[in-house]
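The values are calculated or read from the model by the stated rules, or taken from the named source; none is laboratory data. Note that this is a predicted model, so its numbers are computed, not measured. Backbone-built Cβ (ideal geometry, glycine too); neighbour counts: all protein chains shown. Quick note on the areas: whole protein, heavy atoms, side chains included, nothing else; ligands and nucleic acids left out. Shrake-Rupley method; radii C 1.70, N 1.55, O 1.52, S 1.80 Å.
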Amino acid sequence: MAMEAKAINLLREHDLIPSPSHMYRLYFKGLVSEETTELLAGFGVAICDLDDKLLFQMKGAIHEPAITVLEAELIALTRGLTEVVRLGINHISIYCDHDQIFELLLGRSVPEQGNIALLMDNVQPIRQKLKSSIPVLVTGNQTKFAYKLAMETIVSETSTDMPATCPICFDGNFEADHMFSVALCGHQFCVECVKRHIEVRLLEGEVPRCLHYQCESKLTLVSCANLLTPKVREMWERMIEEESIPVVDRVYCPNPRCSALMSKTGDGAMRCCSKCGEPFCVNCKVPWHSNLSCHDYQRLGPNPTEDDIKLIALSNQKLWRQCGKCQQMIQLSYGCIRVTCRCGYIFCYTCGDEWKKGGCPHRQKMLEDHACYTCSLMFLILIWVLLRIWFFQK
């Protein structure tokens, strides 16, 4: 009996973590469809822990011209038990929604047909390799893991044999290789509609999702790789990179011919672009302003000229101070730090703040520090005098 199977192991075999009592659950389902001119059959297998956390899944097509549902179910059971042994599991609960198979597994009935007997002969030796395999009769809804996998196989087989209709453009003459299936939800659309959808979503700055109404399944770059032009692929890769960096940490190269995305996390304000290599300031988001602090550069306003930058750099070197009102440069050769500009603005030459009644915040801090120092000194002198008096009295 020919079969094509696809398995997905969600947990590496050597990382398999035993559930309580080392017991696992096996769900299996075999389905047969008669919707086409020939029978289509498929099976699904799911292995879960006691909390129904999916650990392993497998689905596959069964290519047999005349197959019954009972035969398909037993084939699914055989494949499932084979995987249980391969994964090193010793205790398994076999969840079954087929009355006849449940009776066969319990040994309360004997297969009447020769082909069923042969299939059961394959099942029993595998069960003997396990320390325990307990059949559990459940409703069909409880085998939903395996049912979904088996149904996906049949739908896939059907789509390869019959022309498909795209629900977007409503063209109904597409062959299977001209249809695209979304991996997470199984919705199918023609390749051309998917191509246009991806490009539009990327241009809008959004992650491409399934085209089906209200479906939230995301498309992946890997699954859509053969549909993308180099330009669209680059857009998608850039979006993935953007999503990997928190919004508050994103910074772009200020070089208009580059604009590469980077993260501003790290030490210092100066960075070199990872793409073009040009140095820039992550705080000001401009080409690197050498000899200027970020504060001085931002005081120049938007789009400062090269002469403006040179003037500020020279003033820092010569220790000039700029008037906070008229922006005139002033040099103090001698005298008090209280400076009056020719525009009438009075400021502190040391800190640049406006000189108000009592001075500037810088001078007030100096006076407070001086007063504190004086008080401390007087206190020490007083202690010294008291100690001297006490010494001579003795």
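When nucleic acids and ligands are ignored and a 1.4 Å probe is applied, W320 ends up with an accessible area of around 70 Å².
Using a/c under 1.5 as the rounded threshold, could you call the stretch 196-248 rounded, prolate or oblate? The axes a ≥ b ≥ c are square roots of the C-alpha gyration tensor eigenvalues, and prolate needs a/b larger than b/c, oblate otherwise. Oblate, because a/c is 1.5 or more while a/b does not exceed b/c.
Ordering F102, F43 by accessible area with a probe of 1.4 Å, largest first, what comes out? Working shown, then result.
Numbers: F102 30, F43 0 Å².
Listed by decreasing accessible area, they come as F102, F43.
Taking R0 as 56 Å, what's the FRET efficiency between M378 and S290 from their Cβ-Cβ distance, rounded to 0.05?
Working: r = 49 Å, r/R0 = 0.88.
The calculated FRET efficiency here is 0.70.
Residue ranking by accessible heavy-atom surface, 1.4 Å probe, largest first, among H91, H178, H289 comes out as H178, H91, H289. Subtracting the Cα-Cα distance of Q128 and Q100 from their residue separation scaled by 0.36 nm leaves 8.0 nm. With the simple model of a label 7 Å out from the Cα in the direction of the Cβ, H91 to N173 spans 6.2 nm. Under 5 Å between amide hydrogens, built in the peptide plane, is the criterion, and for V286 it picks out C281 among residues at least 5 positions away or on other chains. Identify the residues of the stretch 228-254 with backbone N under 13 Å of a label point that sits 7 angstrom from the Cα of A260 along the Cα-to-Cβ direction, or state none. Hits in the stretch 228-254 for A260 at 13 Å: 252-254. Annotation: C215 carries an accessible surface of approximately 20 Å², with a 1.4 Å probe and no ligand, DNA or RNA atoms counted. Applying 0.36 nm per residue to the separation of E206 and I240 and subtracting their alpha-carbon distance, the gain on full extension is 11.2 nm. Spatially, the stretch 201-232 and the stretch 262-293 are offset by 33 Å when compared through their Cα centroids. A 1.4 Å probe, protein heavy atoms only, puts the accessible area of T139 near 80 Å². Label-to-label distance for S333 and V138 is 9.6 nm, based on points extended 7 Å past Cα in the beta-carbon direction. Placing a pseudo-label 7 Å from each Cα along the Cα-to-Cβ vector at S274 and M23 gives an inter-label distance of 5.1 nm. Packing-based ranking of 191-203, 73-85, 231-243 yields 73-85, 191-203, 231-243, ordered from highest to lowest mean Cβ neighbour count within 10 Å.
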